[in-house]
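Read the structure below first, then the notes.
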Amino acid sequence: MTFLDTLRQWDEAVTCVDRQDLTEALRIFVAIKEPNSKICFDIGCLHLLNKDLDAAEKAFDCSIRKDEHLAVAFFQRGMTFYKKERYEESLSDFQYAFKALRGNQLIDYKALGLRYKLYACEVLINVALSQAQLGKWDKAHEHLVKALSYKTDAKLNVLDRALDSSLKQKLFKPVEFPSKVLFKPNKHYVAELEKKDYLGKAKIVASVIPQDAFSGFAPLQPQVQDGPTSPKEPEVLRALEGEPHTVLFGFVPETSDELAVVPGNIVFVLQKGTDNWASVIFNGRRGLVPYNYLERLEISLASKQNEERSEPPSREPPTRPQRKKGPTPSGNSDGDTQPKDEQPTDNSCIVKVRFTFNFVVSVPLGSPYAMLIEKISKKLKLPTTAITLSLTSEVTEESVIDASTEMESVWSRASGLHITLWCKALEQTDGNPQSETHFVALHSYESPNPEDLSFNQGDKITLLSRVNQVWLEGQCNGNTGIFPASFVEEVPVNGQ
C-alpha cells in the first residue's frame, strides 16, 4: 500500500468519526495494511469507545512499538490497564507517560494532528490513583503533592479534589482522554490528494481574420531604461511586542525559565527588571536573559536581511547578574507575580493566598495567627473578623485556620519557605459590599499558553485584577487566566 493510499483511508476514517459512524471508521482503519503509530493510536481509542479492552491494549502496544516516545499512547494504555483492574501495569504506563514529558508542564499535540494537551499534573493524578488502588496511600499523596508544582489554574479544581480524597483515603476519579479526539493526517497532504490541472484549458492564440497579420504569442516587452537596478525590498517587519535588541554574547541557561541565545540573535525585550534580567521573546519563546548581554537595535521599515552583520565583540561577556526571586517569563512564580514589597528575607516565608484574585504576603516562619491575619487584612483592606483562612479550597472544620489553631502544624506544611492558603471574605452587613467588574467579549480569544484565558464572543468575564494597561486577569466558565483588554468591553453596573 502506497503512502497516498494510506493517507486517503486515514482521512476517510476520521471523516466517519466526525459523522459519528464509528463502525465504518474502525473498518477502514483496520483495512490499512501498514499503519503508523498515530493510526494505531486512533484504532485503540475506537476500541476503548466500544469497550473492547483487549483489542485496545493490542492497538496501543502497536503504537508504542512504532514510537516509544509517544507519551499519550502510554497514557491511553495505562487507562486500558486501569479499566481491566491491572493496577501494577497501569501504574507503570502512567509513570512512562510522565517520564516522556521530560519535565515539561504539558505536551500540545496540535502540531502532530491531535487537538489535545497532555498535562503533567493529570498524569501524576492517575499515577497517584493507581497507587491508591494498590493500597499505597502515602505514595499516592506524595505524587499528588508533586503534581502541585506542575499544576495550571485550569486543572486546580481537579487536583484539589484528588488531594482532599487522598487525605481521607478515598478513591477519586481518574483523568481520562476524550477517545473521540483522534490523530488526523496533515491537511496539506490531504489537499494534494485532489487531482489538479496545472496547464489549464487550451486557448486559441491564432486569428482567423485575414486582415489580422499577427498570430502566436505576444513578444517580450522591452525593459525600462531608467528602471531600478534591483527589485524594491519588501517590508518584512510587522507589529511586534517589545523593543528589539541584538544579542552581543552567547548565553547558556541554568534554569528552566532562562532562554538560550547566541551572538547576532534579535530578541524583543518585554520587561527589564531591577536585578538586570530582561524578559524577552525569541522565535516565539519567552525567557530571561541578562540585559547587559543585549544592545538596543534601531530598525527601519525596510528589510535589512541582505546587510552583513558585524562580527560579535571579541571581549569577554559581562558577569552574570544575580537572580532575585520574582516573576518567571510568563509573568508568574508558582502562578502569580510576587510584589516588590513582598520580597522574602532569609527567615521569611512567602504565603501565597488564593482569593477572588491571587496575591502573596511575607511573614517570618512560625509567626502567630494574629500576625498572619493582620498582614492579609491590610492587603485586602478588610477587617480581620471578615476573613476566613483555610488550608484547602473547601472550608471545613479540619482545614479552617483561626486563633485556636496550632500554628506549628500550619507552618510544617511549608515547602522551601513557601505555603499556599485559601481565603474567603464574609459578606458585609453594613450594606456596602464590594462590587465586581464584569466584561463582555467582543471577539473570541484562544491561546495555546496555559496561563491565558480563552473565551468566545459574547461570553461574560469577571475581572480579578489588572495586570497592566494591555492585559487583564479574569474568570470565565470556571477558568482563570490573563487576556488582552482590547478583546472585551466593560459591562455597566446597571446592565449586569
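Longer than 29 Å from Cα to Cα, which of Lys117/Lys379; Lys139/Lys180; Lys381/Lys460 are they? Say none if no pair is. Intermediate values should be presented prior to the final figure.
Values: Lys117/Lys379 36 Å; Lys139/Lys180 32 Å; Lys381/Lys460 27 Å.
Pairs exceeding 29 Å: Lys117/Lys379; Lys139/Lys180.
Taking the Cα centre of the range 89-162 as the origin, how large is its charge dipole in debye, to the nearest 20, when only Lys and Arg (+1) and Asp and Glu (-1) carry charge on their Cβ atoms?
200 debye
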Sorted by chain and then number, the residues having a modelled amide H within less than 5 Å of the amide H of Gly481, at least 5 places away or on another chain, are Gly474
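Normalised by the residues of the range 69-158, what does the relative contact order come to in percent, with Cα pairs under 8 Å and at least six apart? Before the final figure, lay out each step's value.
Details: 114 pairs, mean separation 21.4, N = 90.
The normalised contact order for the range 69-158 reaches 24 percent.
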Sorted by chain and number, the residues with a modelled amide H under 5 Å from that of Leu294, at a separation of 5 or more or across chains, are Leu248
Note, the range 439-445: 3J(HN,Hα) by Karplus (6.51, -1.76, 1.60, θ = phi - 60°), whole Hz, Gly/Pro = x, goes 10, 10, 6, 7, 9, 6, 9
To the nearest 20 debye, the range 81-120 has a Cα-centred charge dipole, built from +1 on Lys and Arg Cβ and -1 on Asp and Glu Cβ, of 220 debye
For the range 132-147, Karplus-derived ³J(HN,Hα) couplings (6.51, -1.76, 1.60; θ = phi - 60°; whole Hz; x for glycine and proline) come out as 5, 5, 8, x, 8, 5, 5, 5, 4, 5, 4, 6, 5, 5, 4, 5
Taking protein heavy atoms only, a 1.4 Å probe, and rounding to whole percent, the accessible area of the range 69-147 owed to carbon and sulfur comes out at 48 percent
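Could you give the length gained by full extension between Glu68 and Ser444, i.e. 0.36 nm per residue of separation minus their alpha carbon distance, to one decimal place? Show your work: numbers first, answer last.
On the way: separation 376, 0.36 × 376 = 135.36 nm, distance 3.74 nm.
Stretched out fully, the Glu68 to Ser444 stretch lengthens by 131.6 nm.
The values are calculated or read from the model by the stated rules, or taken from the named source; none is laboratory data. Bear in mind that the values here come from a model prediction, so they are computed numbers and not experimental data. Backbone-built Cβ (ideal geometry, glycine too); neighbour counts: all protein chains shown. Surface areas here come from the heavy atoms of the whole protein model, side chains and all, with no ligands, DNA or RNA. Shrake-Rupley method; radii C 1.70, N 1.55, O 1.52, S 1.80 Å.
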